[in-house]
Amino acid sequence: MGLANYLKNRQPLVTKSFCYGLTHDQLAHAYLLTGEAGTPLKETALFLAKSILCDHPNPLADEECITCQRIDRDEYPDFIFFDGEEDSIKKDEIRDVVNLFQKTPLERKGVMIYVIHLVENMTLEAVNSLLKFLEEPSPWTYAILTTQNEDKVLPTIVSRCERLRLILTPRKEVYEEAISLGVNKEDAEILSAFYNDGSLLKAAAEKEDYQKLKLAATDAIDALSRSPHYARFIFEKDVMPLVSSKPAARFMFDLLTLFFRDIVAYKAGNPISLTSYDKIIAEAAKKLPHVDTSLLSIMTLRGEIELNIRVGLILTHLVNVLTKE
Ligand SMILES: [Zn+2]
């Protein structure tokens, strides 16, 4: 029920508009869900799709019925999810959906839904295949597309969709909500930069992968203050093995960005956001040379992850920049 509460409390306009469509049989055939980085776009898109298919909607998904569970397990044949966060979406994949969705639905609900998360990460050819599909939707087909950057989505796609916009909650509010839910201070400080809701933040903080990445990032910052040689060793031993997937690599670069922003701020005498880590941030501000350049390099190299350059190479490059004396 986490997401239903989130939508009702934090996104009343989106909730009202979508619930109206559900209860009056007036859903649009294509929605474009927009929201800045940090808003739960993927979770919301999946939840709205479930709300259309749910056996006992109220009017949103109950997340308990067999259908909701089958969607979660990716076992519902009339529902397809593309994750542009994992990889760019190719033409062949879209063509497969187009072919599949030209057939009639398999389930007795008689509705087919596809979700494309981060539609801006589609190749141009995939976009063209999708356009034909959006132009002539079959009466039983619904599309939910998401984007963090509407300017990067072709206007011809935007114009065929009804837009739903998620509003970003201030970081301080998310932090306070997380603390009230029992999240510790350091996780609330870090993850409020990534999640826009206390309950979603709490769920993320409990994941083992996150805890490992956090530890590796803080060890790496600490190692940089000690010696370039030791830092290279820590990056090789602790960081490298954790970032083999694109999402993990992105998260690691975002974590390092977060820390280096604070190191730069500390050096300039400005307040920092990760106060739980004030000691290693102060130490790094004192010991590290050219922190402005380092921050810029981290942000630039993060962009290379999307260019399909091997993460190992990008990280090696980063370590060379960070340990340059
Ligand atoms: Zn359900």
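What follows draws every value from the coordinates through simple rules; no lab data is involved. All figures in this text were calculated on a predicted structure; none of them were measured in a lab. Neighbour counts are summed over all protein chains in view; Cβ atoms, including those assigned to glycine, are modelled from backbone coordinates with ideal geometry.
Selection among 114, 56, 98 by position relative to the dipole of the stretch 55-154 gives 98 as farthest towards the positive end (Cβ unit charges, Cα centre).
Working note: 222 nm ellipticity from helices only, DSSP H runs with n ≥ 4, each -39,500 (n - 2.57), summed and divided by the residues of the chain, gives -16500 deg cm²/dmol to the nearest 500.
For the chain, the longest principal axis of the Cα atoms and the long axis of helix 278-287 meet at an angle of about 60 degrees.
Between residue 149 and residue 86, the distance separating the two model label sites (each 7 Å from Cα on the Cα→Cβ line) works out to 2.3 nm.
Close amide H pairs (under 5 Å, H built 1.01 Å from N) link residue 162 with 30, 31, 32, residues at least 5 positions away or on another chain. An ellipsoid equivalent to the stretch 204-325, defined through the eigenvalues of its Cα gyration tensor, has semi-axes of 21, 16, 14 Å when rounded to whole angstrom and sorted largest first. Label sites at residue 5 and residue 128, each approximated as a point 7 angstrom past Cα along Cα to Cβ, lie 4.8 nm apart.
In a reduced charge model with +1 at each Lys and Arg Cβ and -1 at each Asp and Glu Cβ, the stretch 209-280 shows a dipole moment near 100 debye about its Cα centre. Each part reduced to its alpha carbon centroid, the stretch 97-174 and the stretch 281-325 end up 35 Å apart. Put +1 on the Cβ of each Lys and Arg and -1 on the Cβ of each Asp and Glu in the stretch 103-194; which of 156, 137, 190 then has its Cα farthest toward the positive end of the dipole? Towards the positive end, the residue furthest out is 137. Taking 0.36 nm per residue of separation and subtracting the Cα-Cα distance, full extension of the segment from residue 292 to residue 72 would add 74.9 nm. Around the Cα centre of the chain, unit charges on the Cβ atoms of Lys, Arg, Asp and Glu (plus for the first two, minus for the last two) sum to a dipole of about 580 debye. For the pair residue 278 and residue 165, what calculated FRET efficiency results from E = 1/(1 + (r/R0)^6), where r is the Cβ-Cβ distance and R0 = 30 Å, to the nearest 0.05? In this case the efficiency is close to 0.25.
About its Cα centre, the dipole of the stretch 133-227 is roughly 140 debye, where the only charges are +1 on Lys and Arg Cβ and -1 on Asp and Glu Cβ. Converting phi to 3J(HN,Hα) with the Karplus coefficients 6.51, -1.76 and 1.60 and the offset θ = phi - 60°, the stretch 160-165 yields 8, 10, 8, 8, 10, 10 Hz in sequence order, with x at every glycine or proline. Take the convex hull of the alpha carbons in the chain; its mean projected area over all directions comes to 17.0 nm². Residues 222, 92 in ascending order of nearby Cβ atoms (within 10 Å, fewest first): 92, 222.
Taking the fewest neighbouring Cβ atoms within 10 Å as the starting point, the ordered list for 122, 299 is 299, 122. Largest first, the extents of the alpha carbon coordinates of the stretch 1-132 on the three principal axes equal 38, 36, 27 Å. Near the amide H of residue 112, within less than 5 Å, lie the amide hydrogens of 141, 142, all on another chain or at least 5 residues away, with H placed in the peptide plane. Toward the positive end of the charge dipole of the chain, with +1 on the Cβ of Lys and Arg and -1 on the Cβ of Asp and Glu, the farthest Cα among 181, 248, 47 is that of 248. Here the calculated FRET efficiency for residue 58 and residue 307, from their Cβ-Cβ distance with R0 = 56 Å, stands at 0.80, rounded to the nearest 0.05. Among the listed pairs 50/212; 185/212; 8/202; 90/202; 212/246, those with a Cα-Cα distance over 22 Å are 50/212; 90/202. Axis of helix 246-267 versus longest Cα principal axis of the chain: the two differ by about 50°, to the nearest ten degrees.
For the stretch 199-215, the Karplus equation 6.51 cos²θ - 1.76 cosθ + 1.60, evaluated at θ = phi - 60°, returns couplings of 5, 5, 4, 4, 4, 5, 5, 7, 7, 5, 4, 4, 4, 5, 5, 4, 4 Hz by residue, with Gly and Pro reported as x. In plain terms, if you count all Cα to Cα distances in the stretch 25-73 and split them into 5 Å steps from zero, the share in each step is 5, 20, 27, 21, 19, 7, 1 percent. Our coupling estimate for the stretch 27-41, obtained by passing each phi through the Karplus curve with A = 6.51, B = -1.76, C = 1.60 and θ = phi - 60°, is 5, 6, 7, 9, 10, 10, 8, 10, x, 5, 3, x, 6, x, 5 Hz, Gly and Pro reported as x. Model label points for residue 135 and residue 106, set 7 angstrom from Cα along the Cα-to-Cβ axis, are 3.0 nm apart.
Among the lysines, select those whose C-alpha is under 16 Å from the C-alpha of residue 267, and discard any that sit fewer than 8 residues away in the same chain. The qualifying lysines are 279, 286, 287.
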